[in-house]
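Report on one structure; see the data block that follows.
The values are calculated or read from the model by the stated rules, or taken from the named source; none is laboratory data. Since the structure is predicted, the reported quantities are computational estimates derived from the model, not experimental observations. Neighbour counts run over all protein chains shown; Cβ positions are idealised from the backbone, glycine included.
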Amino acid sequence: MGGNAGRARRSARSLDAFIRARFPDARVICSATPESTGARGRRRVRHPAELDDVDVGVVRAVFGVAETGSVWLSEREFGVNALGFLSQHLVVLLDPAGDRAEPAPRLPRSAASSTRAMRC
């Protein structure tokens, strides 16, 4: 586990160049996003086993949590779940417009007291 963060320009050409620079030895790049062309588009994949040779998978997350390094990905983003499991490396795109801190929701007083009791 682990990862690196980086910023790429908005165009597909610059994103593909960014990915190629990060993974120069990658032979097969499969993208589930319109922002990156990749060598193999997700729409051309008919069976999950066809992704067994993917070096780099590219997906777009719905959102991310900086404090934990977590991202939200579902079947909708992958198209084929195997892309997340069979890729040697996974590039996760996050929308820079989504860079905003959102306050944690406040629990009602009654819920907060019952939550404390449950933690004991």
Original post:
What number of residues in the stretch 50-65 are modelled with pLDDT under 85 and either part of a loop (DSSP other than H, G, I, E, B) or small (G, A, S) (or both)?
Top reply: 3
Subject >> Residue satisfying all of: in the stretch 34-64; without any contact (Cβ under 8 Å) to a residue 24 or more places away in the chain and surrounded by 11 or more Cβ atoms within 10 Å (Cβ to Cβ); farthest from F18 (Cα to Cα) among these >> reply: E50
**OP:** Of the numbered conditions (1) loosely packed, with under 15 Cβ neighbours inside 10 Å; (2) under 14 Å from L86 (Cα atoms); (3) of a type in the set (A, V, I, L, M, F, W, C), A21 fails exactly one; give the number of that condition.
**Re:** (2)
